[in-house]
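Working notes, structure below.
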Amino acid sequence: TPSKEGKMFIKALFDYDPNEDKAIPCKEAGLSFKKGDILQIMSQDDATWWQARHEGDANPRAGLIPSKHFQERRLALRRTEILVQPLKVSNRKSSGFRRSFRLSRKDKKTNKSMYECKKSDQYDTADVPTYEEVTPYRRQTNEKYRLVVLVGPVGVGLNELKRKLLISDTQHYGVTVPHTTRARRSQESDGVEYIFISKHLFETDVQNNKFIEYGEYKNNYYGTSIDSVRSVLAKNKVCLLDVQPHTVKHLRTLEFKPYVIFIKPPSIERLRETRKNAKIISSRDDQGAAKPFTEEDFQEMIKSAQIMESQYGHLFDKIIINDDLTVAFNELKTTFDKLETDTHWIPVSWLH
Ligand code: 5GP
């Protein structure tokens, strides 16, 4: 359904249940929705309550949803209250709102200015995800592929899924070549394993925001550049990128049209059953040191997944649970096929 004149579509970035909303004038008139749902806005005449319906819903009746402004304000307010509450008890001299609760007791007195928050009448609404205006998008046959970003906690099997996808069609899928400042080993070639550059150039590139992410390992820098993504896409390949979720916001442009897939662990019981004989590479810097999964690894994976989902869930286009690897792989494959043929929703902000 392409947007007709005067029709506006939004993607909901939070879950909403009118029955739980104390502010709604009439609960029966409310429209419930889940994070990721596409809603069609029917009226924005009221500043607090918009009228909307689920996109593609046969039922033409619109329901009430909180307006963006209203939702942002009350969420920011709620957040500020949570931030401030512990302070009211512990810091009587408090003049403004401070996020000092994050600091240890020792640091509280010395580090005030670092965590200074905005005044009460200017809530920080910038990082409160509510709605995003979207528009239908379908890839044209001669157009470059969208960048596919895979995110997930350590040990969830993201690398294995990526590898399976790559070998399933090496002509179609590609990965970026990272940069490094370490010396080339004899069996390596420049541009294959790594792009080898000097420390000076690496630092200059960091200054010029050329990297999506970078890190240091044994006195050398390693990083993935934005241009390395471009060169995969220029070969007419689907670029697979796995990064920390916080880097995704820098890639959200019309050029890359990132499609973000979250690889989520199953329940802890299923982790114990399915990963009994598997091994974990606990971090990027521990390469080669694969160890059997421990109970702590499972707990850490679940916790880390929960944090990722609550902080960045609004950026996920698709969530795939990696319970059984073959099932997850097939779901991933179907997702990729659909990505190339179906109509998807992209933010209007990418267009300008
Ligand atoms: P090596 O020098 O043995 O090839 O790799 C050393 C370490 O650098 C490995 O743990 C590897 O995972 C890490 N590394 C490789 N590429 C990148 C990258 O693009 N970014 C970051 N942060 N680390 C990387």
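Kindly flag which residue pairs out of K164/K291; K279/K318; K218/K257; K162/K218; K35/K303; K199/K291 have an alpha-carbon separation exceeding 28 Å in this structure. In this structure, K218/K257; K199/K291 lie more than 28 Å apart at Cα.
Have a look at H250, A278, F262 and report the one farthest towards the positive end of the charge dipole of the range 238-283, computed about the Cα centre with Cβ charges (Lys/Arg +1, Asp/Glu -1). The Cα lying farthest towards the positive end belongs to A278. Working from Cα pairs under 8 Å separated by at least six residues, relative contact order for the range 130-228 is 22 percent. Note: the range 159-314, Cα convex hull, 149 Å³ per residue.
Listed from fewest to most Cβ neighbours within 10 Å, the set D15, D297 follows the order D15, D297.
Answer rounded, prolate or oblate for the range 134-173, using the Cα gyration tensor with square roots of eigenvalues a ≥ b ≥ c: rounded when a/c is under 1.5, else prolate when a/b is larger than b/c, else oblate. Oblate is the answer for the range 134-173, as a/c is 1.5 or above yet b/c matches or exceeds a/b. Across the range 225-352, the relative contact order, built from alpha-carbon pairs under 8 Å that are at least six residues apart, equals 30 percent. Listed from fewest to most Cβ neighbours within 10 Å, the set H179, H352 follows the order H352, H179.
By other beta-carbon atoms within 10 Å, ranking L201, L251 with the fewest at the front produces L201, L251. For the range 214-281, taking Cα atoms only, Rg and Dmax work out to 16.5, 43 Å respectively.
Every number here is computed from the coordinates shown, using simple stated rules; none is lab data. Because the structure is predicted, anything quoted here is derived from the model rather than measured. Heads up, the Cβs are rebuilt from the backbone with ideal geometry, glycines too, and the neighbour counts pull from every protein chain shown.
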